[in-house]
Amino acid sequence: MALGRVSAIISLMLSFWLVLHCEMAHSATYTVGDGNGWTFNTVAWPKGKRFRAGDTLVFNYSPGTHNVVAVDKAGYKACKTPKGAKTYNSGSDQIKLVKGQNYFICNFVGHCESGTKVAINAL
């Protein structure tokens, strides 16, 4: 009887491990702007792509010419950086998507208004 319980527990643990492993195997990495990188007019870049929570976005740009700021919907629409927003400036930022809407802008003067922003819905 105890052996049956141990087998059931091991089977259950293996099932959980497989589910987690399959989810991780499906995550993808996307370079924002493709070969052009994070620059002007990237607002339409997500069109036609399917994103999932856990996917990674790579923002490539020259430090000092752009940055990446994770913002909320209001910040995205107004091209404004909300108080406490996370700012990235390495030139090769890697950001994991969370489920739902993910918004990113460059907050250098005039850049967001020129399309250096992306809104991504991750399933």
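The values are calculated or read from the model by the stated rules, or taken from the named source; none is laboratory data. None of these values were measured; they are calculated from a predicted model. Cβ: placed from backbone, ideal geometry, glycine included. Neighbour counts: every protein chain shown.
Checking Phe51, Phe59 one by one, the residue that is modelled with pLDDT of 95 or more, buried (at least 16 other Cβ atoms within 10 Å of the Cβ), more than 23 Å from Gly110 (Cβ to Cβ) and touching a strand residue (DSSP E or B) at 6+ places or on another chain (Cβ under 6 Å) is Phe51 and no other.
Taking the stretch 31-80 as the range and being among the hydroxyl-bearing types (Ser, Thr, Tyr) and either part of a helix (DSSP H, G or I) or closer than 14 Å to Asn121 by Cα (or both) as the test, the residues that pass are Thr56, Tyr76.
Search the stretch 81-106 for residues being over 19 Å from Val58 (Cβ atoms) and in a loop (DSSP other than H, G, I, E, B), and hand back the single one that is farthest from the chain's Cα centre (by Cα).
Among them, the one singled out is Lys83.
Looking across Ala85, Ala122, one residue alone is within 20 Å of Arg50 (Cα to Cα), surrounded by 12 or more Cβ atoms within 10 Å (Cβ to Cβ), small (Gly, Ala, Ser) and touching a residue at least 12 places away in the same chain (Cβ under 8 Å). It is Ala122.
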